[in-house]
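Report on the structure given below.
The values are calculated or read from the model by the stated rules, or taken from the named source; none is laboratory data. Note that the coordinates shown come from a computational prediction; the quantities given were computed from them, not determined experimentally. Positions of Cβ are generated from backbone atoms using ideal geometry, with glycine treated the same way; all protein chains shown enter the neighbour counts.
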Amino acid sequence: MQSEIWTVLKASRPPSWTFGPILFGIGIIHSGIIPKSLNVTLLRLGLQIAALSMPLSIVVFGINDVYDYDSDIRNPRKMKDGPEGGILHPDHHRSVRLAAYTSTVFIILSSIITQQSQNIIATLFLTLIGWQYSAPPLRLKEQPIVDSLSNGAIVYLAWFCGFSFSGLKISDAPSKGLMLGLCTSGIHALGAVMDMEADIAGGQKTIAVALGPRLAAVFAASCYLMASATVDIDSIFGAYVYAGLFIMLFPCLRVSWAHRAFQGIVYLSISCAVLWIFVRAWSIFSRKRS
């Protein structure tokens with residue numbers, strides 16, 4: 001039993017547990033509406049943050065491992081069983097599916113208790129895309145270009161869950177959320193470049209398989225270029241986008257640099273997001289004390 005639980009947890013990629021809460025936190029800060037007291041609102045906030053951590057990761061990454069088994073056994077990166085994921089043996093597929101079903105219910109319930117219609121709608125789409133990215137009938141990851149854009153949509157929706165938590169609507173949303181989605185689409189396209197040979201062997205038609213590795217890398221860089229139009233260069237996110245665009249240019253010139261560029265941009269993304277949240281949170285709390 002313990003080994004089965006550990007297998008499910010590994011399939012959820014523990015390093016990814018921070019992604020949803022970070023995006024939610026960025027959305028909360030962008031909304032400018034911060035819960036002020038220890039009451040029901042903070043309880044609702046805590047539940048949705050918790051739902052977007054491990055439970056969302058089980059849906060997105062665990063289900064991916066279930067339906068990608070045939071290609072994963074041909075992928076040398078998966079053999080290492082590192083932060084980019086390992087091979088999930090078919091014996092564990094049922095347990096991961098069950099955990100994903102349970103997680104989906106928890107994620108949706110955590111949104112319903114916010115009593116905010118747009119938050120609920122965003123959460124429903126978030127779980128739907130999380131499932132359909134890897135699972136049939138849509139299996140979005142095998143629809144070239146849509147595979148990368150659907151990853152961006154997942155990030156945008158997680159951000160919007162935070163932005164809409166206090167009742168704001170999609171019409172109120174700033175372009176910064178779009179920036180997060182575009183950058184994620186670029187990161188995904190670059191990841192597809194690394195996995196191209198394994199995807200070909202597994203019969204998967206990703207953006208890199210359809211367009212070729214160089215054009216897929218150019219698409220990834222183009223996403224960052226479009227994202228640069230939504231930020232100020234002298235801001236933390238501006239520095240991130242332009243630094244990311246610089247990193248993205250390397251695999252455009254030499255495809256063999258894709259793996260190192262991917263690792264670099266993932267760590268850059270996490271670091272800048274955490275830094276931005278800390279700086280903004282400190283600024284907000286400092287103003288309240290003064």
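Looking at segment 183-290, the helices (runs of 4 or more DSSP H) lying wholly inside it that each contain 1 or more residues that are among the basic types (Lys, Arg) and under 23 Å from Trp159 (Cβ atoms) sit at 258-289. Do the conditions hold for Ile58, that is, is it over 30 Å from Val209 (Cβ atoms), of a type in the set (Val, Ile, Thr) and modelled with pLDDT of 95 or more? Taking the combined requirement at face value, the residue does not satisfy it. Considering (1) modelled with pLDDT under 95; (2) surrounded by 24 or more Cβ atoms within 10 Å (Cβ to Cβ); (3) of a type in the set (A, V, I, L, M, F, W, C), the lone condition that Ala220 does not fulfil carries the number (1). Evaluation of Phe165 against the conditions (1) surrounded by 24 or more Cβ atoms within 10 Å (Cβ to Cβ); (2) part of a helix (DSSP H, G or I) shows that the sole unmet condition is (2). Of everything listed in (1) under 20 Å from the mean Cα position of the chain (by Cα); (2) surrounded by fewer than 16 Cβ atoms within 10 Å (Cβ to Cβ), the single unmet condition for Arg254 is (1). Inclusion of Ala122 among residues that are buried (at least 21 other Cβ atoms within 10 Å of the Cβ), small (Gly, Ala, Ser) and in contact with a Phe, Trp or Tyr (Cβ under 9 Å, 6 or more places away or on another chain) is warranted.
In segment 231-256, the residues that are touching a residue at least 24 places away in the same chain (Cβ under 8 Å) and within 13 Å of Ser269 (Cβ to Cβ) reach residues that are outside any loop (DSSP other than H, G, I, E, B) and charged (D, E, K, R) with C-beta atoms within less than 9 angstrom, at least six apart or across chains, in these pairs: Ile236/Arg280; Phe237/Lys176. The set of residues from segment 105-126 being outside any loop (DSSP other than H, G, I, E, B) and polar (S, T, N, Q) comprises Ser110, Ser111, Ser117, Gln118, Asn119, Thr123.
Looking only at segment 206-256, residues that are among the polar types (S, T, N, Q) and out of contact with any helix residue (DSSP H, G or I) (no Cβ under 6 Å at 6 or more places or on another chain) come to 3 in all.
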